[in-house]
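Only the coordinates and a few stated rules stand behind these numbers; no lab work does. Quantities reported herein were computed from a predicted structural model and do not represent experimental measurements. Backbone-built Cβ (ideal geometry, glycine too); neighbour counts: all protein chains shown.
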């Protein structure tokens, strides 16, 4: 613990800096993750740190939080030079980090999670009382309310996030680092979070917000730093920034990820129809409740909803990965009943392709080379195997062609699937599925973990496919994406379809409401 | 908490096994020194014993043959995502299958017909013995590690029971079957070489070595060139992705384990058909367990497995020589050395490889243009 005993008093002229990182360099192998990065965060402000995946934001914050040691450069906290070797050093300096993936023990109560590892008394009952008292005071002053005796596993995502923030504040954090905090939240929850963050700022907490959602940066932040390829490329007060300007700084060129003006879509015949799909999981919890939908050729149907409201299950059922308990599906003139449900292989034969939402666990075999992953699901086609033997030459050539067509970088079929960035993995998966010119395409989270440049490209490809007459179903937890892509929107809430709107009638507020309203309290 | 540096592929494949082996040898050498022997002398004697004479080399290769079969068995299951601890039992049952075919038909069929049938019998018995734990894993969720361990005991008990009660030679005092007819004898290497006019000392080494090498080539083709192997590896690497691709993981579990059991079952061709010429107790002699070490050491690749089998065969043979020559050096010392090899190439490999990675990166960086060394600069930015 090399924290200085006395907090520094800043000079009168300059505003007090909570954190200053100077000329940080960090290299992993051949990759310069941070190159001469300098970041100054003023005390009591919200500072946005934006950039594409792999731009070096996370590395920089990991250096600040003591996960990595920088190769060179130095750090000042509250004006004093410090050395942060472990997360414990960072915590002692008043830094607190809320990770994108929550670090919570789901089987324990909220209060047990807060005191875990920092129990103020050897007797748990006494510790509980001490923690409870302090937490209640903290909850009162910040407006972060969570039921202290609830089991974390039962909490909503928003509650868990509040708990994470509460936990860091409880440990004395004065500088809060939030990594993509709104990725899993509904618009309403995001709104609530921003209110809390604004209040924390008023109370003097410094907040570093890592995000790629530029609208949020414009709404909440006071300053913004943009990183690209390990360097700081833009830095300004928010008053001098614009969404378009920040996006261009992030990508290094002009981008357009909004909805292009387009002629009216003319949907064709019904390509896929599902009626009354009902799915219960192993615990007999109903995941899908009488879901009916139809997909027409030449349209993109968006499925909006907060993660975990049945969208994943819907995709699994439609693609044949899981059979429902009840319902019926028609695809390419064939009808499927629960006792003889569609199989993934049949789905491919009937020209339905599927880009699963979980790239790592489903869409690719991460330990395979790209040219092996690029035929996954189609390995039985005569162009890829004959008489039981794989045709490596053709597989490699096909992968090369797919990479060319979808601009996958690096264009290296022999590279391991896991070595590509998220965006390029996704492009390869899309290339594989679209490459078979499907009549129906199911896409889950098309741009999750994908950077802006690739988002623009992927959206373009999906629109092109729609224009070519394919029926496309897009499930996304990003409302912006639904609004940018869909011609018709279905809203899922607690396993049901709670709304169906043509895109013209959609607004963020209206969809957000449909996503969260419950039966007993209709809006 | 720093992120591990990636190890270059060549180092991972070629250098790491050698480094691990070297560390294991050093550790074993320390123990040898501790009991008052000269590690150098023992080492020289071990290598001499294993490779120094035609006879020693033959024994080394004879041991290696069984290890190739069991090592391949373990690695095929591994590529299917399964840890098969039961190669010992599957080899036992394979030997039983081989032996039963021989006992039944060795008086009636000529060798060219009988030997393939014996091979088939062994493979089939091993396959069925492995298929039961596979079924339990795939459809009942019983973990294959647990069930295959239990099946080793069952196999050993079953063989003992059959030998004592059913197959024992009438009037014989020892627990073994009657000798097979001459048609069931797999030619020894010295016999075959004598046929070619080459003089070679008599040893247990037999032509099942070629069968083992063929099996290694077959496993390579299957895993990396066939559609079945593609699907098996997909399931082994990512069950979710395999299901998405329309591959049935449960069937692949049965397939991988069945194949694994069949490979282990071929040990009987070496031990029963090639050497003993009759069924007896404990002919596998731990080769099934050594197969696990071989697969780990050989990185689950057929080429690696053949090389690792050679290493372990040399340890067995050289160790036997040393224990005969050196006072106080028992065969247990060889087991200890094996233990070190398994420890350092298996369990400890993840401890050692980051060090090697760091050393390689340091070396390459020194070779590359000098990295930027930034001095703590006064704030001119921001």
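General remarks:
- Coordinate range of the alpha-carbon atoms in the range A:307-460 per principal axis, descending: 45, 42, 26 Å.
- Kirkwood analysis of the range A:20-177, using all unique Cα-Cα pairs, places the hydrodynamic radius at 17.2 Å.
- Rounded to the nearest 500, the helix-only mean residue ellipticity at 222 nm of chain A stands at -9000 deg cm²/dmol, with each DSSP H run of n ≥ 4 adding -39,500 (n - 2.57).
- Cα gyration tensor category, rounded, prolate or oblate, for the protein assembly as shown with a/c compared to 1.5: prolate
- Shielding of A:313-322 by partner chains, average beta-carbon count, 10 Å: 1
- Remark: A:236, B:66, B:309 ranked as A:236, B:309, B:66, counting other beta-carbon atoms within 10 Å and listing the fewest first.
- Cα shape, the range B:1-153, gyration tensor, a/c 1.5 rule: oblate
- Beta bridges per DSSP with both ends in the protein assembly as shown, % antiparallel, nearest 5: 60 percent
- Residue exposure sequence - B:67, A:336, A:194 - by fewest surrounding Cβ within 10 Å: A:194, A:336, B:67
- Diffusion coefficient, µm² s⁻¹, Stokes-Einstein with Kirkwood Rh over alpha-carbon pairs of the range A:456-523 at 37 °C and 0.692 mPa s: 252 µm²/s
- Three-way shape call for the range B:41-355 based on the alpha-carbon gyration tensor, with the a/c threshold at 1.5: oblate
- An ellipsoid equivalent to the range A:120-250, defined through the eigenvalues of its Cα gyration tensor, has semi-axes of 33, 15, 13 Å when rounded to whole angstrom and sorted largest first.
- Panel note: the C-alpha atoms of chain A, placed on their principal axes, show extents of 75, 53, 46 Å (largest first).
- Antiparallel bridge percentage (DSSP; both residues within chain A; nearest 5): 55 percent
- Exercise: per-residue mean of other protein chain Cβ atoms within 10 Å, B:229-238: 5
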